[in-house]
Amino acid sequence: MRINIKYFGQIAELTQIEEEYMECSGRLVSDLLETLNSKYDALKTKDFKIAQNQELVSAETELTGAEIALLPPFAGG
């Protein structure tokens, strides 16, 4: 499955890109995260939220093959 991944804030700085397409053979968000952690080792130590199709999801959510965004924690309120 080909997935459009968008990185924001500190996560974009860490990966040095804002967006990429990636192939993922898994069916859960956690499978994609495993692939990303192997590509970007520093992601393992960062806290971030995951959005699929602009909706926050957990790592156990099924992948739809659409857009995934990695969102760093936000300050303020």
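Here, each number is a calculation from the coordinates, and none is a lab measurement. All values reported here derive from a predicted model rather than from experimental measurement. Note that each Cβ is placed from the backbone with ideal geometry, even for glycine, and that neighbours are counted across all protein chains shown.
Using 0.36 nm per residue, how much length does the chain from F74 to T45 gain when fully extended, once their Cα-Cα distance is taken away?
Working it through step by step, the gained length comes to 8.8 nm.
Regarding the chain, what are the three Cα extents along the principal axes, ordered largest first, in Å?
34, 25, 19
Once phi is turned into θ = phi - 60°, what whole-Hz ³J(HN,Hα) does the Karplus curve with 6.51, -1.76 and 1.60 give for every residue of segment 44-58, x standing for Gly and Pro?
Per-residue couplings from phi come out as 4, 9, 9, 8, 7, 9, 10, 10, 10, 6, 6, 10, 4, 9, 8 Hz.
Relative contact order of segment 2-71: what whole-number percent is it, with Cα pairs under 8 angstrom and at least 6 residues apart? Present the calculation step by step, with values, prior to reporting the outcome.
Details: 110 pairs, mean separation 29.4, N = 70.
Relative contact order here is 42 percent.
Give, rounded to the nearest 20 debye, the magnitude of the charge dipole that the chain has about its Cα centre when Lys and Arg contribute +1 at Cβ and Asp and Glu contribute -1 at Cβ.
Numbers: 7 positive and 13 negative charges, 18 e Å.
Here the size comes out at about 80 debye.
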